[in-house]
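Got a structure for you, questions after.
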Amino acid sequence: MNKPTVHSELALIHEAEPKLEIEDLCFAAANYLESKQVDDIRRAYFFAKDAHQGQTRRSGEPYITHPLAVAHVLAMMHMDHECIIAGLLHDVIEDTPISREQVANEFSEEVALLVDGVSKLAQAAFETQKQAQAENLRKMMLAMSQDIRVIIVKLADRLHNMRTLGHLPSEKGRRIAHETLDIYAPIAQRLGMNLMRVELEDLGFHVLYPLRYRVLADVV
């Protein structure tokens, strides 16, 4: 019998994860937010769902499953409702016809600043990563973020992408894993987000060193 590759293992892990629904997010948020804020989160979900209509992820799932998962990570961290809404909308400016002004008009200027910040952060990282050392890129990302919640949304975005890495081609997955270990996990550590740092490192190590990962997992 052929042994499964690390990517097939990650895909199986992803398939085993429960599928999130908007009510799961609202339930998590309702544990600490006001009902009006939860209603705004629900409204943001349907706004994002309409904006991403017709778009799918590599897994074949509707694209909205990704921002929903990102927002759920933020809710489990007890982030404020503007941050959760930004998690739901974090790709609409970059990947859909929705403009920053539309986000501001529909929700708030604060939400628009967060969403726009995440979009600019992604563009800057993509343009700079080839010529910049990891340390310089980390400094640049932190310096660019006038609101630390921009970085937190970006980390939640990267965490869900790492959790679903098994659907990507092997070489691209390894590149993303390297980037995660070199850039995103250290940023999480600097911000004192230890649980996120540990999971990012664990997922990255799984992709880059699958045999060592299995040996260590068995020993532990």
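The values are calculated or read from the model by the stated rules, or taken from the named source; none is laboratory data. Treat the numbers as computed from the prediction; the structure is a model and nothing was measured. Every residue, glycine as well, gets a Cβ built from its backbone with ideal geometry; the counts of neighbours run over all protein chains shown. Please note that ligands, DNA and RNA were not included when accessible areas were found on the heavy atoms of the full protein model with its side chains. Shrake-Rupley method; radii C 1.70, N 1.55, O 1.52, S 1.80 Å.
Mind checking which residues of the stretch 139-182 are within 17 Å of the chain's Cα centre (by Cα) and at pLDDT below 75?
Across the stretch 139-182, the qualifying residues are MET141, LEU142, SER145.
Right, another one. Could you list, in sequence order, all residues of the stretch 158-184 that are in contact with a Lys or Arg (Cβ under 7 Å, 6 or more places away or on another chain) and touching a residue at least 60 places away in the same chain (Cβ under 8 Å)?
Looking only at the stretch 158-184, we keep the residues that are in contact with a Lys or Arg (Cβ under 7 Å, 6 or more places away or on another chain), and these are 167-168, 180, 183-184.
Those that are in contact with a Lys or Arg (Cβ under 7 Å, 6 or more places away or on another chain) and touching a residue at least 60 places away in the same chain (Cβ under 8 Å): HIS167, LEU168.
Basic (Lys, Arg) and modelled with pLDDT of 95 or more: does that describe ARG100? Can you show your working first?
Details: basic (Lys, Arg): yes; modelled with pLDDT of 95 or more: yes.
For ARG100, the condition - basic (Lys, Arg) and modelled with pLDDT of 95 or more - is met.
Condition check ((1) hydrophobic (A, V, I, L, M, F, W, C); (2) touching an Asp or Glu at 6+ places or on another chain (Cβ under 6 Å); (3) touching a residue at least 40 places away in the same chain (Cβ under 8 Å); (4) part of a loop (DSSP other than H, G, I, E, B)) across all residues:
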site	(1), (2), (3), (4)
ASP24	no, no, yes, no
PHE27	yes, no, no, no
VAL38	yes, no, yes, no
PHE46	yes, no, no, no
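Take the stretch 45-61 and flag every residue that is surrounded by 14 or more Cβ atoms within 10 Å (Cβ to Cβ), more than 13 Å from HIS72 (Cα to Cα) and modelled with pLDDT of 95 or more. Walk me through how you get there before you give the answer.
Just the residues of the stretch 45-61 that are surrounded by 14 or more Cβ atoms within 10 Å (Cβ to Cβ), to begin with: 45, 47-49, 51-52, 57, 59, 61.
Next cut, more than 13 Å from HIS72 (Cα to Cα) only: 47-49, 51-52, 57, 59, 61.
Across the stretch 45-61, the qualifying residues are PHE47, ALA48, LYS49, ALA51, HIS52.
Any residue at all in the stretch 203-219 that is open to solvent by 60 Å² or more (accessible area, probe 1.4 Å), in a loop (DSSP other than H, G, I, E, B), within 25 Å of LEU68 (Cα to Cα) and at pLDDT below 95?
Residues of the stretch 203-219 that are open to solvent by 60 Å² or more (accessible area, probe 1.4 Å), as a first pass: 209, 211-212, 214-216, 218-219.
Going one step further and asking which of them are in a loop (DSSP other than H, G, I, E, B), we end up with 209.
After this cut, where a residue has to be within 25 Å of LEU68 (Cα to Cα) as well, the list is none.
No, the stretch 203-219 contains no residue that is open to solvent by 60 Å² or more (accessible area, probe 1.4 Å), in a loop (DSSP other than H, G, I, E, B), within 25 Å of LEU68 (Cα to Cα) and at pLDDT below 95.
To continue, here is another question. May I ask you to list pairs of residues, at least six apart or on different chains, whose Cβ atoms are under 7 Å apart, with the first in the stretch 58-72 being assigned to a helix (DSSP H, G or I) and the second being surrounded by fewer than 22 Cβ atoms within 10 Å (Cβ to Cβ) and charged (D, E, K, R)?
From residues that are assigned to a helix (DSSP H, G or I), the pairs are THR65/ARG57; HIS66/ARG57; HIS72/ASP24.
Of these, LEU68, LEU12, LEU74, which one is among the aliphatic types (A, V, I, L, M), modelled with pLDDT under 95 and either out of contact with any strand residue (DSSP E or B) (no Cβ under 7 Å at 6 or more places or on another chain) or open to solvent by 40 Å² or more (accessible area, probe 1.4 Å) (or both)? If you could, list the steps in order and put the result at the bottom.
Values: LEU68 fails: modelled with pLDDT under 95; LEU74 fails: modelled with pLDDT under 95.
Of the residues listed, the single one that is among the aliphatic types (A, V, I, L, M), modelled with pLDDT under 95 and either out of contact with any strand residue (DSSP E or B) (no Cβ under 7 Å at 6 or more places or on another chain) or open to solvent by 40 Å² or more (accessible area, probe 1.4 Å) (or both) is LEU12.
On the given criteria, is ILE187 more than 24 Å from ARG58 (Cα to Cα) and touching a residue at least 12 places away in the same chain (Cβ under 8 Å)? Lay out the reasoning, then the answer.
Numbers: more than 24 Å from ARG58 (Cα to Cα): yes; touching a residue at least 12 places away in the same chain (Cβ under 8 Å): yes.
Yes.
Hey, another quick one. Does any residue in the stretch 83-95 that is within 12 Å of LEU113 (Cα to Cα) and in a helix (DSSP H, G or I) come within less than 7 Å, Cβ to Cβ, of a residue that is open to solvent by 10 Å² or more (accessible area, probe 1.4 Å) and of a type in the set (A, V, I, L, M) six or more places away or on a different chain, and which pairs are these?
Matching pairs, first to second residue: CYS83/ILE152.
Residue check, GLY192 against (1) open to solvent by 40 Å² or more (accessible area, probe 1.4 Å); (2) modelled with pLDDT under 90; (3) of a type in the set (Gly, Ala, Ser), all met but one. Which one?
All conditions are met except number (2).
Between a residue in the stretch 103-120 that is farther than 18 Å from ALA156 by Cβ and free of Cβ contacts under 8 Å to residues at least 40 places away in the same chain and any residue that is open to solvent by less than 10 Å² (accessible area, probe 1.4 Å) and part of a loop (DSSP other than H, G, I, E, B), which pairs come within a Cβ distance under 7 Å, given they are 6 or more apart or on different chains?
Short answer, once both residue conditions are applied: none.
On to the next question. If GLU23 passes every condition in (1) open to solvent by 40 Å² or more (accessible area, probe 1.4 Å); (2) touching a Ser or Thr at 6+ places or on another chain (Cβ under 8 Å) but one, which one does it miss?
Result: GLU23 passes all but (2).
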